[in-house]
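The values are calculated or read from the model by the stated rules, or taken from the named source; none is laboratory data. Predicted model, so just to flag it, every value in this text is computed and none were measured. Heads up, the Cβs are rebuilt from the backbone with ideal geometry, glycines too, and the neighbour counts pull from every protein chain shown. Side chains included, ligands, DNA and RNA excluded: accessible areas come from the protein's heavy atoms. Shrake-Rupley method; radii C 1.70, N 1.55, O 1.52, S 1.80 Å.
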Amino acid sequence: MTKYIFVTGGVLSSLGKGVTAASVGTLLKHSGKNVGMLKIDPYINVDPGTMSPLEHGEVFVTKDGAETDLDIGNYERFLDTSFLKSSNFTTGQVYSSVIERERAGGYLGQTIQVVPHIVGEIVSRIKKAGDGHEILVVELGGTVGDIEGLPFMEAIRQMKHDDDVAGTFFIHVTLIPFIKAAGELKSKPTQHSVQELRRIGITPQMIIARSENALPKAFKKKLAMSCDVSQDSVIEALDASTIYDIPVTFLRQNILKPISKELDLGDLNPDMEEWDTLVKKIVQPKNKTVVGFVGKYLELKEAYKSLTESLIHCGAHLDTRIEINWVDSEEIEERGAQALLGDCDSVLVAGGFGNRGIEGKIKAIEYARVNKVPYLGICLGMQLTLVEYARNVLGLEGANSIEFDENTPHPMVYLIDNFMDQSGNFQLRTHQSPMGGTLRLGEYECNTKEGSILREAYNGEKTIYERHRHRYEANPTYREQLEKAGMIVTGESNGLIETVEIEGHPWFLGVQFHPEFTSRLQTPNPSILAFVKASLNAD
Ligand code: GLN
């Protein structure tokens, strides 16, 4: 039977509930526990796959091909574990399955209601995610008091009394504002938020207090009293120099003691030594390199969360500060690549969807190719290397991806009509296909070519596994022509072109997969690590 730790948020959003949940999970995992993680999103979308990255940040992709909330990425990066589809669900999924069952006659004779049917579905999904784990950490999206969060609150309240549940622990993450004029820290918003939770029937057993200023002992005592938790269960969460420092700061405050006491977990002594060494290298690295990061969702950097985190992981392992020089691809169209990328040690073109900024990305690729600057192109950043090569080296005028020009005379990137997905099912991918859930998603194997940058990056591995999220594919019709002219396919998956490199270029790699999804603090992704090394060695 599983024990559950529920993490709710109060006062306002963006308090770092995801990182908090991941940090608690990390400490338990490093104590030798079998920990699962679950994020519940109260929005109606079935998954975030169709949301703009500017709306909701990055869409994270799991190994088994689910498009999930970016917090699942935090969980994987912290716990160094691949979580699956069952680690994230939304209101949309809950209602879809209840309605589907109703239509199939699964509730004949009954009136379907939020209580008990929707709440029951939520409980059963939480339990399913907990299956096989000693502890499941559940993060509830949104803030206490949100209308859409209520069925979830009711579900976790009910789980306190569930015979199939071995124990529950409720953590509430809140904000302690500091009022400058009065020179005072304020506990009132937290008190109100806890009152609201108690009105629903949940009494938090721990308060994690986000604050810009350290909380004096007397203040903690007051907070403990007013929120009805013990004093050692008020944990302070100050702004950290890196999110990876948070588990360590929690541990210093003995966060596991009250959790272990309540859930009967025994003596917990997490081994955080290696972790701590990495954190120190993030905070005070010896070396520095500048990466020109070309993208188009720059208004919300969360859109590139996994990628920026993976650069941090690589930096930690190479004792290097990676300075990101953010470059808007549309600005390259106006000012040219040299002006914007000239000071960078390397160029990274990230993935993306839609027409905007495409020509700027192509210019960035041309700049990196011609000037022999280390280049990593991810997904769209790989597809466009083919377009650039076709136009500027092969002289194929008008070459493009059919995503951007349906009538291009040279479709370097195209749609395969009958694509076989991860589980062996055929997927029809045409312009008429629905937008949701019709991408190539999740982990696929890739065979690497001997002597390639790719194979070297993966320490000589012949077969590697990386995750995908895209609709279009490199067109094999042009392979021979490209290879004759020096653009070599160095990674393949079942006949699909997965990676390309350029002969005579010191470090140029385009990858159709998203290497950033498998990067963790303790095990950075090999292709990104090799790219950062090349960037570091560039003059
Ligand atoms: N838009 C491209 C495709 O769908 C690339 C997607 C991406 O970069 N993730 O294939």
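In sequence order, what are the phi-derived ³J(HN,Hα) couplings for the stretch 176-186 according to the Karplus relation 6.51 cos²θ - 1.76 cosθ + 1.60 with θ = phi - 60°, rounded to whole Hz, with x for glycine and proline?
These are the phi-based 3J(HN,Hα) values: 9, x, 10, 8, 4, 4, 8, x, 10, 7, 10 Hz.
For a quick check: with amide H placed at 1.01 Å from N, whose amide H comes under 5 Å from GLY352's, ignoring anything fewer than 5 positions away on the same chain?
Here the answer is LEU380, GLY381, since their amide H atoms fall under 5 Å of that of GLY352.
What does the accessible area per residue of the stretch 61-216 come to in Å², with a 1.4 Å probe and no ligands, DNA or RNA counted?
Values: 6670 Å² over 156 residues.
Ligands and nucleic acids excluded, the result is 43 Å² per residue.
In whole percent, and with a 1.4 Å probe on the protein chains, what portion of the accessible area of the chain is carbon and sulfur? Each step should come with its number before you reach the end.
Details: 10570 of 22490 Å².
Accessible surface attributable to carbon and sulfur in the chain totals 47 percent.
In units of 2.2 N^0.38 Å, what is the alpha-carbon radius of gyration of the stretch 389-539?
Working: Rg = 16.2 Å, N = 151, 2.2 N^0.38 = 14.8 Å.
Taking N as the residue count of the stretch 389-539, the ratio is 1.09.
How large, in Å, is the stretch 308-384 by the Kirkwood hydrodynamic radius built from its alpha-carbon pairs?
Details: mean 1/r = 0.0772 Å⁻¹.
Evaluated over the stretch 308-384, this radius sits at 13.0 Å.
Report the Cα centroid-to-centroid distance between the stretch 255-330 and the stretch 463-539 in angstrom, as an integer.
Their Cα centres are 23 Å away from one another.
Over the chain, calculate the relative contact order: mean separation of alpha carbon pairs under 8 Å at least 6 apart, over the residue count, as a percent.
On the way: 1126 pairs, mean separation 80.8, N = 539.
Result for the chain is 15 percent.
Under the Karplus relation 6.51 cos²θ - 1.76 cosθ + 1.60, θ = phi - 60°, what is the ordered set of whole-Hz ³J(HN,Hα) values for the stretch 6-15, x standing for Gly and Pro?
Whole-Hz 3J(HN,Hα) from phi for the stretch 6-15: 9, 10, 10, x, x, 6, 7, 8, 6, 8.
Hey, any idea what Rg/Rh is for the stretch 171-222, computing Rh the Kirkwood way over Cα pairs?
On the way: Rg = 11.6 Å, Rh = 11.7 Å.
Radius of gyration over Kirkwood radius for the stretch 171-222 works out to 0.99.
What number comes out for accessible area per residue over the stretch 440-539 if the probe is 1.4 Å? Units Å², please.
Numbers: 3820 Å² over 100 residues.
Per residue, the stretch 440-539 has an accessible area of 38 Å².
Let me know the whole percent of all Cα-Cα pairs from the stretch 102-218 that are separated by more than 21 Å.
On the way: 3422 of 6786 pairs.
Looking at the stretch 102-218, the distances longer than 21 Å represent 50 percent of pairs.
LYS288 to LEU12: extension gain in nm, 0.36 nm per residue of separation minus the Cα-Cα distance? Write down the numbers at each step before the final one.
On the way: separation 276, 0.36 × 276 = 99.36 nm, distance 3.60 nm.
So the chain would gain 95.8 nm between LYS288 and LEU12.
Rule-of-thumb check for the stretch 151-237: C-alpha Rg over 2.2 N^0.38 Å?
Working: Rg = 14.3 Å, N = 87, 2.2 N^0.38 = 12.0 Å.
Against the compact-globule rule of thumb, the ratio is 1.19.
Short version: what are the Cα gyration tensor semi-axes of the chain, square root of 5 times each eigenvalue, largest first, in whole Å? Don't skip to the end; give the middle numbers.
Working: eigenvalues 373, 157, 82 Å².
Semi-axes (√(5λ), whole Å): 43, 28, 20.
Running Debye on the stretch 477-539 with equal point scatterers at the Cα sites and no solvent, what base-10 log of I(q)/I(0) appears at q = 0.20, 0.26 Å⁻¹?
The calculated log intensity ratios at q = 0.20, 0.26 Å⁻¹ are -0.88, -1.14.
Report the gain in length on full extension from THR463 to ILE44: 0.36 nm times residue separation, minus Cα-Cα distance, nm rounded to one decimal. Working shown, then result.
Working: separation 419, 0.36 × 419 = 150.84 nm, distance 3.88 nm.
Fully extending the segment from THR463 to ILE44 adds 147.0 nm.
What nm value, rounded to one decimal, do you get for the distance between ASN371 and ARG199 when each label is placed 7 Å out toward the C-beta?
About 5.9 nm separates the two model spin labels.
How much of the calculated P(r) for the stretch 302-461 lies past 19 Å, in percent of all Cα pairs? Numbers along the way, then the final one.
On the way: 8200 of 12720 pairs.
When all Cα pairs of the stretch 302-461 are counted, 64 percent exceed 19 Å.
Please list, or write none, the lysines whose alpha carbon is within less than 20 Å of the alpha carbon of LYS217, excluding same-chain residues fewer than 8 places away.
Answer for LYS217, where 20 Å is the Cα cut-off: LYS180, LYS186, LYS188, LYS257, listed by chain and number.
Let me understand the stretch 354-415 better: what is its radius of gyration from the alpha carbons, and its Dmax, in angstrom?
11.0, 32
For the stretch 168-227 and the stretch 77-154, what is the centre-to-centre distance using only Cα atoms, to the nearest Å?
28 Å
Quick check: pseudo-label points 7 Å beyond the Cα along Cα→Cβ at ARG101 and MET51, how many nm apart are they?
With each label point 7 Å from Cα toward Cβ, the separation is 2.5 nm.
What residues have an amide H closer than 5 Å to that of VAL61, excluding those fewer than 5 places away on the same chain, when H is modeled at 1.01 Å from N in the peptide plane?
Those qualifying (amide H under 5 Å, at least 5 residues apart or on another chain) are THR68.
Could you derive backbone 3J(HN,Hα) for the stretch 42-51 from the dihedral phi with the Karplus parameters 6.51, -1.76 and 1.60 (θ = phi - 60°), listing whole Hz in sequence and x where the residue is Gly or Pro?
x, 7, 7, 3, 5, 8, x, x, 9, 8
Of all DSSP beta bridges located in the chain, what percent are antiparallel, nearest 5?
Working: 28 of 82 bridges.
Counting only bridges with both partners in the chain, antiparallel ones make up about 35 percent.
Identify the residues of the stretch 221-249 with backbone N under 16 Å of a label point that sits 7 angstrom from the Cα of MET272 along the Cα-to-Cβ direction, or state none.
233-249
Which distance in Å, rounded to a whole number, links the C-alpha centroids of the stretch 362-393 and the stretch 11-74?
Using only Cα atoms, the two centres lie 32 Å from each other.
List the residues, sorted by chain then number, that are 5 or more residues from ASN325 or on another chain and whose placed amide H is less than 5 Å from its amide H.
VAL291, GLY292, PHE293
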